[in-house]
1. Among the residues of segment 16-32, write down those that are of a type outside the set (Asp, Glu) and open to solvent by 80 Å² or more (accessible area, probe 1.4 Å).
2. Please enumerate the residues belonging to segment 1-12 that are surrounded by 10 or more Cβ atoms within 10 Å (Cβ to Cβ) and modelled with pLDDT of 90 or more.
3. Those residues that are touching a Phe, Trp or Tyr at 6+ places or on another chain (Cβ under 9 Å) and at pLDDT 80 or above, I need them from segment 45-71; list them, please.
Amino acid sequence: MFNDIGPLELVTLVVLAVLVFGPEKLPKMIQDVTRTIRKIREFSESAKADIREELGPEFKDFEFEDLNPKTFIRKQLDNDELGLKEIRNGFDLKKEMAEVTDAVHSRDTDSSSSSSPSSSSGSSGGSIDMTKKPEKSDPDERPPFDADAT
């Protein structure tokens, strides 16, 4: 529970408690706090037992820690019924990104050197040129005006 408290912080807390409550009231305060913590633990354990009893024998392996989303997802991903381990092990992000980068760079060089009307026609076997090409317009022609856009 207090794994991240260092020795200096613990000494500081003890000194602060002595200064706030005084040396004569400090033992009684510690007893009250421990009694309260014990009652809270007993209450939570009895609530867990009541919930398990109400759920019935179908949920005998139910763990309340599974209600934490991280724990639930980790448990489901470790379950090998779906074959997710094979997918996870077969997927190499660096390799995939390198392939995508190569494909993008080679597509840029291929489309600029061999762009013809037949290759960008959109047929099922051809590739589609997705680059934006400026339309040739008359220099005196004004662009359309959209009153709603301004």
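1. Of segment 16-32, the ones of a type outside the set (Asp, Glu) are 16-23, 25-31.
Across segment 16-32, the qualifying residues are 16, 19, 20, 21, 23, 25, 28, 30, 31.
2. 9, 11, 12
3. If the condition is that a residue be touching a Phe, Trp or Tyr at 6+ places or on another chain (Cβ under 9 Å) and at pLDDT 80 or above, then 48, 51, 52, 55 are the ones that fit.
Residue-wise test of (1) modelled with pLDDT under 85; (2) in contact with a His (Cβ under 9 Å, 6 or more places away or on another chain); (3) in a loop (DSSP other than H, G, I, E, B); (4) open to solvent by less than 80 Å² (accessible area, probe 1.4 Å).
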| site | (1), (2), (3), (4) |
| --- | --- |
| 40 | no, no, no, no |
| 73 | yes, no, no, no |
| 85 | yes, no, no, no |
| 102 | no, no, no, no |
| 133 | yes, no, yes, no |
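The values are calculated or read from the model by the stated rules, or taken from the named source; none is laboratory data. Predicted model only: the values in this text are computed from it and were never measured. Positions of Cβ are generated from backbone atoms using ideal geometry, with glycine treated the same way; all protein chains shown enter the neighbour counts. SASA here: full protein model, heavy atoms, side chains in, ligands and nucleic acids out. Shrake-Rupley method; radii C 1.70, N 1.55, O 1.52, S 1.80 Å.
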